[in-house]
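To start, the structure itself, in structure tokens.
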Amino acid sequence: MSEQMESIRVVLREGFAHVGRLLRAHKWAFTLAASGAIAFATSIVVAAVVIGRVSEELIIPVLDGGEPLENRWIGAVLAIGAVALFKGLGIILRRTAAGWLQFRSQADMRYRLIAHQLGLKLSWFNRQSTGDLLAVTETDARQATFILAPLPFATGATVLLVITTAIVTMIDVWMGLLAISFLVVTIVIDVFGTRRVFADFEKVQQTRGKVSGLAHESFDGALTVKSLGREDYETERMRQASDGLRDDIIVVTRIWAFYRAIVESLPTATIIVLLVVGVVRINSGDLGSGDLITVTYLVSLLTWPIRMIAFVLWDMSESLAGWRRVERILEVGEFVEHGSLMATPADSGAAVAGDEVAFGYVPEERILSDVRWDIPAGRTIAVVGATGSGKSTLAMLLARLWDPDTGEISLDGRDLRAFARSELPREVAFVAQESFLFDDDVTGNIALGGKSGSEAVQTAARLAVADEFIAELPHGFETQLGERGTTLSGGQRQRIALARALVRRPRLLILDDATSSVDSSVETEILRGLKRADLPSTVVIVAHRRSSIMLADEIVFLADGRIRAHGTHDELLAAEPGYARLLEAYEEDLARRDEERQQAEAVT
Amino acid sequence: MSDIATRTALRRVFGIAPALVKGLWLTLGLFTIGTTMQIIVPVVVQQVIDYEVLDPDGVDIEGVLWRGGIALIVVVVAAFAAKLAFVRLAIAAATGLSDLRVATFRHLHRLSMLHVQGERRGALVARVTSDIATIQDFMEWGGVGLVIGISQVLLAVGVMVFYRWQLALLVVLGVLIYVLLVAWFQKILSRAHDKVRLRVADALAAMGEAISGLEAVRAFGAEDATLSKVSKTLDAQFEEEFRTGRLGAFLFSSAEVFAGAITASVVGVGVWLGAAEGVTAGTLVAFLFLVNLLVDPVQLLVETLDQAQTAGAGIRRILDVLDTEVDVPDPVDGVDLPPGRLEVAIEGVRFRYPTGDDVLSEVDAHIGAGARVAVVGETGSGKTTFAKLVTRLLDPAEGRVRVGGVSADEIKFSSLRRRVAFVPQEGFLFDTTVANNVRYGKPDASDAEILAAFDDLGLGDWVQGLPNGVDTEVGERGGNVSAGERQLVALTRAWITDPDLLVLDEATSAVDPALEVQLRRAIERLTGGRTSITVAHRLSTAEASDEIFVFDAGRLVERGGHAALVDAGGVYASLHADWASSTST
């Protein structure tokens, strides 16, 4: 019990701090919403008073006392109508302003999250799961700001509670005490009940996650399941998980139903007791019949707003939990540091040098150590090495996707880290093996926020040997790509990504296995085209195919994170037995990818 | 029309998961009893005012206590009934939906879309998770609201009619007008919600690609463009949400305004009718309470009906899955495969996916028992499809596949899956131990058998070298071990089933050379002495086979031994030349 109290206290303290921060950002919206809620609360009280007056001064005298009606009804009807209208206006004001507050805060928080993450180092991203990060932006940001919707109502409900207490006590002290003690009991039970139920409900969510994980695994392994005839076994696994979920849901519902029954019957019981006590007080001449109706009517209208307070306290702890996950990301300070150097785009390749470069994704595990190179401007260099030798890492370092742990990489003598944000990509283009397509059309995907004209985009597409298949797409260059657009094969995606790099006319072009999914004949065509086009670029290419490697002016052979040898193909063949063995291994890897591509294409 | 569709859909679902409606009538009855809790207040108010407060003989305290006592008992009974009803409904919903989930899951595993349309798997998972959850939520929240709302409205109207039918008529008319208004408004609102959903999807997509595409964004310096896209979609979402919120605010406030208008009319008409028409003071005051019991549930009901449509959509998506015919069914009166190593005959086989051109056509071939066949071909030539047809993971559109002389579609699954093993290219591992993954091929295999299987394939040292030997946890999708190691486990899994026909989609992970050697050796042992069909990517595999099938554009164009095919100078010869030129110096 005391533990629970303690945690409620923590939740309240930190929850109020979190909510306070949100409200300070949009004071006016909250003020408006709260005013609406208070107007609503006031109108509930006024409505009860009006009903009490109408009963005492109109209904009872006319219907029971036999007094003549005359025009007395007009005032009553107008008063009831006016109060309802006022109540309605209060609701509109509250909901509109609260909606604005909630949705605006949610958009702001999401924007902050994305903007923040766009500046963080890849080394940080490497330690996160993309799914988790997206969940924070989607689910947690919504959860963190959801509290803003019911908060003004709860504020109004609190005001209502205070006014009610005052009015009922003013009317009759005994009835006031009775009403208040019942209300307090209701709220306390509701708060505890809600907390307990929702804590159990989180367990249900975890079980739900397990069921979902099982379905994912089982469906992903469908081929294995089927070929071994284990469908029944899988179904049994699912039945057990699903029934476990069923049992958890039932347990929660039992508790929930219990509290619900108590909390819903308490106000009704309160009203009945109030009526009995009220009649006794009327009998002793301490209370008017109109007052009794006012009190009863008021308490009957209170039920829902009072329950709102319990819900908001729960929402607060939920919101706080969401905010804590959001905050964990916003607090990360591992930003990519940028200098102030501006790019100098030019129609000439840039020389790339590395000096004593060492790097590891985790400190204990060096991927590259003591690597030096000096690539003269305009040369085409192939980087060759076994899986895990560090070629891709080297390529990413050249594009400054990562920074070396020690040493320096420079472009025409300028340290990569000296460039201002977004400046380096104006001189350097990096094409990864996995090409990411954005939710945009072909032109947008190639230009990618740059200012390239459509002619430049088309030229780049031609160079990337992408023009033919683009022409065959439903809307040519206007065809929508990305997750929700036309599906492209791996090779086609890679060619779009390549065009994206070429359209920038980079001074350093880095191709990290960027044509691996393209048929070898097409790849040769691409690479020959690049040569013929006489691109003003220094080209660094990580490749597996012999034909691509042969096109390079020079080959850098990496082994165990060091440059084992460099020179022309023939020189390396003569000097490095490892190099020849590697080319053999590459061929086999290539065959595997060809097969994967075939499968992918068989599907589409 | 959609109502009719929803009703039929519901009937189907109740047929599949009868637990959903088990004891439903009793549950509904209990809910109705539970609702009396709401009705009791106006009734007590009327009783106390008419018979006690306004009684010319004065208040009879004992009578008041009696009335109050009875009312309290009613409240307690109603609370119990409500709790019971709620629990009963939850049990029915949870049980029925669990059954529905399992049924859907089982059916999906019978279909081949899981392995044919890999990119739809995520959506199919949603059938057994979020779609079911939508229905569950509806039943527990919306459904309860619906039941309570309806019984509350019925009870309230009943009490009103009992008191004074003229006033009841007035209230019902007022509420009817309100229902029409809300229903009309709800349509506008649900259109607005649809727009919100579109904007939400846009914003989520923009945020998603900013994070998953971060590397590309950074490599191309597209941070500003990305951020401005995110900002734009977030603002668009906000605008739409705010607009919809405003509409909702009007709808919400209308309930209060209507309640006020109806209350005012009841007071006006009530006093005008007067005591002569039998309207007592207590009755009229009771009406004021009753009006509030009508308007709120009516609004809730209309909203719930909208939710019901969403749940209905979930139900229909699930039924779509359940209605999809099993494309490769287990034969009804299937036969067992004959004993011994199995031969395979392919007779005039053609295959195509529902949407698309032929993947394979006019394939005729025979593979003798114990023969070792390699299948080669260019990208998209139909090799993998051929492998799936032989193992009856797919059925041909035309022609026939015979295994052991029996038409494949007449072989009992239990026999077929035990005797014919298929090792897919990607060695898929489940999130459990190495031993359990091998046991997946033979559920009753002992640990000793599993160790022996690894030894047989020359992998004993490798498996002992794992952190916990065969008890090593492989992690989600085998993520704790390398691709090559996953393949080793998959091969052992096939070995332990001791198949008489082995179909292997060769996976050549260019991993570390030591593992490569082990893979080769394991495959050799596995294929030795049994009929085997290997989809080959290595020249060496093809060379070592008894016969090579060469596929080109969905046709079996050449077959024969390695040397003969090279000499023939056809497709295989040019494939071979490609291989040779890219490997030799």
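Coordinate-derived values only; no laboratory data. Quantities reported herein were computed from a predicted structural model and do not represent experimental measurements. Positions of Cβ are generated from backbone atoms using ideal geometry, with glycine treated the same way; all protein chains shown enter the neighbour counts.
Looking only at other chains, what is the average number of their beta-carbon atoms within 10 angstrom of each beta-carbon in B:50-57?
Counting other chains' Cβ atoms within 10 Å and averaging over B:50-57 gives 3.
Let me have the relative contact order for the stretch A:193-298, percent, based on Cα pairs under 8 Å that are six or more residues apart.
In percent, rounded to a whole number, it is 30.
How compact and how long is chain B, expressed as Rg and Dmax of its alpha-carbon atoms in Å?
35.7, 123
What helices does chain B have that are whole DSSP H segments, at least 24 Å long along their own axis by Cα, and with mean Kyte-Doolittle hydropathy of -1.0 or more?
B:24-48, B:61-110, B:144-163, B:165-212, B:223-273, B:281-323
Just the number, please: percent antiparallel of the DSSP beta bridges in chain B, rounded to the nearest 5.
50
Using a 10 Å cut-off around each Cβ of peptide A:238-244, what is the average number of partner chain Cβ atoms that fall inside?
Shielding by partners across A:238-244 averages 5.
Separation between the residue B:573 and residue B:190 pseudo-spin-labels, each 7 Å from Cα along Cα→Cβ, expressed in nm?
The two pseudo-label positions are separated by 6.9 nm.
Suppose we take every Cα in the stretch B:187-239 and form the convex hull; what volume per residue is that in Å³?
Cα convex hull per residue, to the nearest whole number: 49 Å³.
Please report, in whole Å³, the volume per residue of the convex hull around the C-alpha atoms of the stretch B:12-57.
Value for the stretch B:12-57: 70 Å³ per residue.
Largest first, please: the extent of the C-alpha atoms of the stretch A:495-551 along each principal axis, to the nearest Å.
25, 21, 17
Expressed as a rounded percentage, what relative contact order does chain B have, with Cα pairs under 8 Å and six or more residues apart?
14
Only sites in a loop by DSSP and with at most 10 other Cβ atoms within 10 Å count here; which GluC sites (Glu not before Pro) in the stretch A:294-357 make the cut?
Filter output for the stretch A:294-357: A:331, A:337.
Ranked by Cβ crowding within 10 angstrom, fewest neighbours first, how are B:430, B:250, B:287, A:335 ordered?
With the sparsest Cβ surroundings first, the list reads A:335, B:250, B:430, B:287.
Compute for chain A: radius of gyration divided by Kirkwood radius, i.e. Rg/Rh, restricted to C-alpha atoms, rounded to two decimals.
1.17
Amide H neighbours of residue B:558 under 5 Å, counting only residues 5+ apart in sequence or on other chains, H built in-plane at 1.01 Å?
Counting only residues 5 or more places away or on other chains, the set is B:550.
Hydropathy at least 1.0 by Kyte-Doolittle, axial extent at least 27 angstrom from the Cα trace: which helices of chain A, defined as entire DSSP H runs, fit?
Helix filter hits for chain A: A:27-54, A:151-171.
Evaluate the distance, in nm, between pseudo-label points positioned 7 Å from the Cα of residue A:128 and of residue A:202 along their respective Cα→Cβ axes.
Inter-label distance under the simple model: 2.1 nm.
Can you tell me, using C-alpha contacts under 8 Å and at least 6 residues apart, the relative contact order of chain A as a whole percent?
14
Taking the DSSP beta bridges in the protein assembly as shown as the whole, what percent of them are antiparallel, to the nearest 5?
Antiparallel bridges: around 50 percent, rounded to the nearest 5.
By how many nm would the segment from residue A:434 to residue A:247 lengthen if fully extended, with 0.36 nm per residue of separation less the alpha-carbon distance?
Full extension of this stretch gives 63.0 nm more.
Where both partners of a DSSP beta bridge lie in chain A, what percent of those bridges are antiparallel, to the nearest 5?
Approximately 50 percent, going by the DSSP bridge assignments.
For peptide A:61-69, what's the mean number of Cβ atoms from other chains within 10 Å of each residue's Cβ?
Counting other chains' Cβ atoms within 10 Å and averaging over A:61-69 gives 5.
Please provide three numbers in whole Å: the alpha-carbon extents of the protein assembly as shown along the principal axes, with the largest listed first.
Sorted from largest, the Cα extents of the protein assembly as shown read 122, 77, 55 Å.
Taking neighbour counts of Cβ atoms within 10 Å as a proxy for exposure, in what order, fewest first, do A:512, A:439 appear?
Arranged by neighbour count, lowest to highest, A:512, A:439 become A:439, A:512.
Can you quote the Å³ per residue value for the convex hull of the Cα atoms in the stretch A:251-387, rounded to an integer?
Each residue corresponds to 319 Å³ of Cα convex hull volume.
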